[in-house]
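Working notes, structure below.
All of the numbers you see were taken from the coordinates with simple rules; none came from a lab. Bear in mind the structure is a predicted one, so any value in this text is a computation, not a measurement. Every residue, glycine among them, receives a Cβ derived from its backbone with ideal geometry; neighbour counts consider all protein chains shown.
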Protein chains: 2
Amino acid sequence: MKEGEENMEPVKVGLLGLGTVGGGTINLLQENAEEIMRRAGRGIEVIHACARDLNKPRICDTEGISLSTDPNEVVDNPDVDVILELIGGEGMARDVMLRAIENGKHIVTANKALIAKHGNEIFAAAEARGVIVAFEAAVAGGIPIIKGLREGLAANRIEWLAGIINGTGNFILTEMRDEDRDFADVLAEAQRLGYAEADPTFDVEGIDAAHKLAIMASIAFGMPLKFDRVYTEGITHVTRDDVTFAEELGYRIKHLGIARRTWNGIELRVHPTLIPERQLIANVDGVMNAVVVKGNMVGPTLYYGAGAGAEPTASAVVADLIDVVRALSCAPESRVPHLGVHPHALADESILAMDEVETAYYLRMQVVDRPGVLADLTRTFADLEISIEAVVQKEPPPGESLVTIILLTRTVQERQMVKAMEMLGKMDAIFGDVTRIRLEYLQ
Amino acid sequence: MKEGEENMEPVKVGLLGLGTVGGGTINLLQENAEEIMRRAGRGIEVIHACARDLNKPRICDTEGISLSTDPNEVVDNPDVDVILELIGGEGMARDVMLRAIENGKHIVTANKALIAKHGNEIFAAAEARGVIVAFEAAVAGGIPIIKGLREGLAANRIEWLAGIINGTGNFILTEMRDEDRDFADVLAEAQRLGYAEADPTFDVEGIDAAHKLAIMASIAFGMPLKFDRVYTEGITHVTRDDVTFAEELGYRIKHLGIARRTWNGIELRVHPTLIPERQLIANVDGVMNAVVVKGNMVGPTLYYGAGAGAEPTASAVVADLIDVVRALSCAPESRVPHLGVHPHALADESILAMDEVETAYYLRMQVVDRPGVLADLTRTFADLEISIEAVVQKEPPPGESLVTIILLTRTVQERQMVKAMEMLGKMDAIFGDVTRIRLEYLQ
């Protein structure tokens with residue numbers, strides 16, 4: 001130990017949850033102890049932890065750590081300075097977190113659902129009590145995107161952000177493209193590999209991405225969390241035909257969370273999206289995450305890395321922990337505010353209704369192979385003042401009478417597109433449902 | 001103005017230099033004043049500025065700002081809290097910065113040459129005086145890479161980093177590939193467009209990139225700045241043939257700054273590099289910058305954005321300024337240390353000599369079209385225990401007797417490659433010089 005360190009007590013940590021992330025965090029604190037000491041200026045020691053079942057095998061060594069089954073014992077431990085909330089879920093986690101705040105503990109959490117849905121309440125409690133709630137690990141795993149938005153781009157008015165923020169969804173779409181496989185087939189493999197949960201709803205229906213988008217958008221635009229206003233659409237209806245046709249036209253299909261400031265309100269939406277293949281984010285594959293942020297001064301910036309997993313998530317948890325250690329001696333008012341702007345300066349921005357959102361569209365339909373069908377189709381769009389950017393008609397396979405038509409529209413208000421879909425639904429030359437996927441240039 | 005702000009005095013800033021970055025910073029502070037106030041919690045006001053020639057036309061409005069031609073008047077102004085050093089260069093800038101530190105001013109600078117070459121002296125002076133020297137804008141313009149390395153990845157032991165950190169060089173290489181043009185031709189255009197200086201040495205010879213690499217490496221590995229130990233090679237010898245052949249083999253040529261921790265020491269090197277085209281950073285084109293950082297826990301992460309220009313650089317300058325405003329009331333020992341680790345914990349890592357560095361290689365040569373030449377060549381490599389990964393022999397154009405051979409080697413110590421080059425130099429079947437460019441998988 002060198003001069004200046006000897007009399008400095010280590011910071012004492014209470015850890016809630018000894019699962020993948022909790023165990024990964026203990027391992028990281030052990031393996032990188034020297035590096036962390038050099039950076040934080042103090043040691044960091046987990047002194048008390050809890051788990052539902054203390055007899056379960058663990059990925060980490062818990063020797064020297066007091067163990068409880070009741071999280072309240074950890075948050076009530078007077079020796080603990082900082083709580084790491086790595087239980088997940090919303091019920092017990094919320095109660096325990098509020099109790100920890102009441103006890104004057106600083107908190108580091110990886111719990112995106114909790115922050116997205118109860119963040120306003122939690123941050124208000126933390127501000128009243130003068131403690132920090134840090135949540136870098138809640139969004140995009142190991143990528144320091146919360147720090148990037150909240151501090152790195154603090155000089156900018158953020159215009160929009162768009163992110164691949166669910167690794168499972170991106171793995172499925174990447175495999176569908178690279179291996180020409182069906183959604184269900186790849187999902188089953190993702191479950192076997194442990195990338196997808198037994199119940200994959202949160203991932204493939206976009207709920208997980210909506211949690212993360214809500215958090216990023218609040219920081220980007222300096223507004224309270226508005227998770228319940230996020231339009232959320234999953235990837236279950238994307239077919240490998242769509243992936244292939246998109247590719248032929250120079251696009252990739254990615255499941256994006258998008259937040260954009262417009263003159264009429266903030267857009268908050270999660271859905272599959274065609275993006276030009278020359279965009280860097282179109283080339284983010286497999287379980288990796290990436291977020292593009294467009295600032296009015298810096299222009300577009302992109303942040304890429306592992307969005308999940310024990311070690312990347314622990315990397316974000318411990319980065320927050322080091323921040324907390326550094327901030328311990330700072331006055332609460334000089335700390336970085338939870339949502340980037342000071343609480344009194346949060347603006348209650350209005351959220352744009354989905355039918356007012358403007359995007360371009362990819363449409364795929366099967367039509368009867370007879371003269372005049374394409375003319376009728378394009379007339380329908382012209383009547384609704386929807387401009388067509390590209391039309392591709394696929395030769396029918398031998399012996400088939402239906403041809404596939406792909407249309408790319410120019411930017412159009414969602415409301416107009418809903419009308420178009422109704423009119424297409426009435427055309428008897430169109431067989432079955434029309435597939436529509438939004439298309440963004442990200443410029 | 002809302003409650004809680006009214007009695008808070010704005011932070012008073014002295015600005016050295018009213019050129020592109022200085023003017024851009026004034027414009028940003030005006031245009032985004034409201035956003036900055038919401039984030040910093042205090043207003044920020046430039047009260048005093050200097051420029052060599054006060055009559056020169058400016059990109060910004062200097063009304064209400066005291067103007068001097070002598071920077072010392074600004075740093076001696078007792079009302080100034082923070083100095084923005086945006087003069088550039090090393091002579092006067094160094095003297096003025098040390099004087100500002102002596103006067104107890106915090107400093108924000110975009111001066112990469114100054115930090116790379118005199119950072120150790122400057123940080124020591126700042127630490128002794130208890131002031132901050134912030135330098136996000138010195139590396140990769142608007143990308144918050146210093147913050148990412150110093151804070152976002154603070155929980156990691158960094159294994160390596162590799163960056164496209166000179167926009168001019170990347171613009172030239174991108175144009176050579178996309179438009180099949182020669183180096184000299186594109187350079188002339190870059191100069192016309194204002195991307196390259198009249199004297200392009202700093203950009204095309206890699207010196208600018210070496211400055212930035214030295215800064216990033218010190219933070220990544222927690223060591224003092226070692227600019228004079230960076231191996232530096234420019235892009236002037238890259239031909240469009242090399243760009244084309246690399247492409248045919250599935251690679252792109254990028255001018256990279258690379259820092260890597262090995263068992264024998266730290267590698268610090270700037271040179272043109274073939275990288276697999278499926279790597280995200282291989283697709284970073286034009287004047288854009290990007291840095292890949294591999295942490296032992298988080299794995300690879302990437303940071304992308306504009307590396308130069310008035311507005312992106314001002315974005316980084318003002319982000320630093322907001323950090324300084326937030327840190328004003330914190331005790332010096334709780335601030336983020338200049339190089340990420342606390343000064344007493346800096347390690348004087350040894351730098352690996354270039355002839356001990358291990359990389360793969362791309363080699364291009366012209367040989368006489370006669371039997372046995374390829375056998376002689378491959379025998380030479382085998383004798384030196386250099387493994388060949390791929391060989392491509394190009395048909396000679398009609399009427400020509402020389403054929404072009406491209407070789408990709410497996411990873412080999414630089415020393416062995418130097419020997420191989422000597423032996424190839426003696427082979428009379430080889431016509432002219434052998435081109436060698438390093439190749440990295442970045443894994």
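Comment: the Cα-to-Cβ extended label point of B:Glu189, at 7 Å, lies 4.1 nm from its counterparts in the other copies, nearest first. Converting phi to 3J(HN,Hα) with the Karplus coefficients 6.51, -1.76 and 1.60 and the offset θ = phi - 60°, the range A:116-121 yields 4, 9, 10, x, 4, 5 Hz in sequence order, with x at every glycine or proline. Site pair A:Arg370 and B:Met423 shows an inter-label distance of 7.7 nm when each label is modelled 7 Å from Cα along Cα→Cβ. Distance from the C-alpha centroid of the range B:220-295 to that of the range A:31-110: 41 Å, rounded to the whole angstrom. Across chain B, C-alpha contacts under 8 Å between residues 6 or more apart give a mean separation that, scaled by the residue count, equals a relative contact order of 16 percent. Among the residues of B:220-227, the average count of other protein chain beta-carbon atoms within 10 Å of the residue beta-carbon is 1. Chain A holds its axis-closest Cβ, relative to the rotation onto B, at the residue and whole-Å distance A:Cys330, 2.
From least to most packed, judged by other beta carbons within 10 angstrom and beginning with the fewest, B:Thr168, B:Thr174 follow the order B:Thr174, B:Thr168.
Our coupling estimate for the range B:280-296, obtained by passing each phi through the Karplus curve with A = 6.51, B = -1.76, C = 1.60 and θ = phi - 60°, is 3, 5, 5, 9, 8, 10, x, 7, 6, 10, 7, 10, 9, 10, 9, x, 5 Hz, Gly and Pro reported as x.
With neighbour counts taken as other beta-carbon atoms within 10 Å, the residues A:Arg260, A:Arg192 rank, fewest first, as A:Arg192, A:Arg260.
The mean number of Cβ atoms from other chains found within 10 Å of a Cβ in peptide A:331-340 is 3, as a whole number.
Close amide H pairs (under 5 Å, H built 1.01 Å from N) link B:Gly286 with B:Thr174, residues at least 5 positions away or on another chain.
Note on the protein assembly as shown: Kirkwood hydrodynamic radius from all Cα pairs is 29.2 Å, rounded to one decimal. Summary value for the range B:344-443: 42 percent relative contact order, contacts being C-alpha pairs under 8 angstrom separated by 6+ residues.
Both radii come from the Cα set of chain A: Rg as radius of gyration, Rh as Kirkwood radius; their ratio Rg/Rh reads 1.04.
For peptide A:343-356, the mean count of partner chain Cβ atoms within 10 Å of a residue's Cβ comes to 1. Quick one: work out the % antiparallel among DSSP beta bridges in chain B, nearest 5. Counting DSSP beta bridges with both partners in chain B, the antiparallel share is about 70 percent.
With label points defined 7 Å past Cα in the direction of Cβ, position A:Gly91 shows copy-to-copy spacings of 7.4 nm, given to one decimal and shortest first.
Applying a 4.7 Å Cβ-Cβ cutoff to chain B leaves B:Cys50, B:Cys60 as cysteine residues with no disulfide-compatible partner.
Any idea what the relative contact order of the range B:145-307 is, in percent, if you count C-alpha pairs under 8 Å spaced at least 6 apart? With pairs under 8 Å counted, the relative contact order is 34 percent. Averaging the Cα positions of each part gives two centres, and for the range A:340-364 and the range A:409-433 these lie 24 Å apart. This ranking places A:Asp323, A:Asp182, B:Asp320 by how few other beta-carbon atoms lie within 10 Å of each, fewest first, which gives A:Asp182, A:Asp323, B:Asp320.
Taking the C-alpha atoms only, the angle from helix A:207-221 to the longest principal axis of chain A is near 80 degrees.
Between B:Ser68 and B:Ala49, B:Cys50, B:Ala51, the built amide H atoms are under 5 Å apart, and every one of these is 5 or more places off in sequence or on another chain. Label-point distances for A:Glu121 to the equivalent site in the other copies, using a point 7 angstrom along Cα→C-beta, read 5.9 nm when ranked shortest first.
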